[in-house]
Amino acid sequence: MPSRYVPSWIACATDNPVERETRPFCTDYTARANASAPGCFVSSFLHLRRTTRVIAVLLAVFVLAGATYQGVATALERHRFERPGGLVDAGGHQLHIHCTGKGSPIVILEAAAGSMSAAWAWVQPEVARITRVCSYDRAGLGWSEAGDGRYLPARVPEELRVLLDRANEIGPIVLVGHEAGALFARMYAAQFSSNTAALVLIDDPTIEPTPSGPTFVSAWPWLARIGVLRVSNRLRTLATGLPGEAGGAMGAFLNRPDHLARAALELSQLPELEAEARSASLPPNIAVTTISVGTHEQPAMLVARENAAQVTQAIAATITRVREHGTEAASVR
């Protein structure tokens, strides 16, 4: 049964001019629709432009507010978390090194990719009870200056050697490396075997597969600059569990664009670093101890006290072997 009501847009939807003429209302409807079409287009365009402007203004306000918040918070943190160690010229830029305890061999702590000296807060005080121990920040991380040159993994062992020489921290050394730090330790021992007594390698990527890294690491510095990372606590929470001021300092640097710029480079180039470390040949007289604590978050750090205790025990056992047998101690896996 035909409908009693037919919408005008259906009734007039015909290409036959004769049919439209036989429907009197169609001529007037079509004319009005055609007349209003340009006005509707202009009105829609103006509305879209106004909406775009409002969004742009709101975005600019958000970015400005976030950058201001980031700048103020960073300034306050600079005063609150002062470096615990000293700065040493390592060839055009200064590196931060923090040494405690007395004795030989000297233990050098090499942090994971994107991490820093504060990440050893559970380990360093315990090792300092039995020998001298130094943690440091690689170029561009923590309290260390970045320098002018671009990041090259092969340069890290060379800079560490210069740092130890100029800081008058004479070997023999036991080099302890965590994750990427284990790779740097391998490369250092291969180049400077004469003053390397032993290695302690934690979650060594050449032995255990490295978990897939975090996404969008290259965006971290930019997100930090506008305060997004600080507000979200996306990275700061990784430092939860570290004791005292070290935990606060570690969390603060995980919101700092300068630290995150170098951290992003280290994390993104981890496969290249692993390849270089695999090609480094370790002398047979260097004792190697490998342990796994299963730290899969990146930047990795020893926030769990039980994991730190396991590492400390491995370091203490290595020191005992080096003292008893020198560099001829057998490898332990």
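Numbers for the structure displayed
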| read-out | value |
| --- | --- |
| Sorted by Cβ neighbour density within 10 Å, fewest at the top, the residues Asp258, Asp89, Asp203, Asp148 | Asp148, Asp89, Asp258, Asp203 |
| Formal net charge of residues neighbouring Pro105 (Cβ-Cβ distance under 9 Å; K, R +1; D, E -1) | +2 |
| Distant-in-sequence amide H partners of Arg138 (H built 1.01 Å from N, under 5 Å) | none |
| Amide H within-cut-off set for Ile108, under 5 Å, with H built and near neighbours excluded | Cys134, Val174, Leu175, Val176 |
| For the range 81-328, share of DSSP beta bridges that run antiparallel, in % to the nearest 5 | 30 |
| Met116, Met187 arranged by Cβ crowding within 10 Å, fewest neighbours leading | Met187, Met116 |
| Overall Cα dimensions of the range 81-328 - principal axes, largest extent first, Å | 54, 35, 35 |
| Exposure proxy ranking, count of Cβ atoms within 10 Å, fewest first, for His96, His296, His178 | His296, His96, His178 |
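Only the coordinates and a few stated rules stand behind these numbers; no lab work does. Computed from a predicted structure; not experimentally measured. Note: ideal-geometry Cβ built from the backbone for every residue, glycine included; neighbour counts use all protein chains shown.
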